[in-house]
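Bear in mind these aren't lab numbers, they're just calculated from the coordinates by the rules spelled out. Computed from a predicted model, the values in this text were never measured in an experiment. Cβ placement follows ideal geometry from the backbone for every residue including glycine, while neighbour counts extend to all protein chains displayed.
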Amino acid sequence: MVSSTSRRSPQNIEPCVSEAIRQGVLKRRDHLKLTTALLSSQLSAEDRQQINQVFDLVRTGHIHLVD
């Protein structure tokens, strides 16, 4: 399953990021998707920045992880 997540194109990151910021909630599945994408060397600097923004909001408690 993880391998199929890592093969998804970076364009799939934007809806996940914007939804997490808008709702204040990040699903574990989306967290895995963003983590896998972040570890990928195929991301643009803008995509990396957006993912890091989401993770910063998780760390500060503005976005909550849910199952």
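Quick look at the numbers
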quantity: Surrounding net charge for ILE21, when Lys and Arg each add one and Asp and Glu each subtract one, Cβ distance under 13 Å; calculated: -3
quantity: Contour minus Cα-Cα distance for VAL66 and ASN52 (0.36 nm per residue); calculated: 3.2 nm
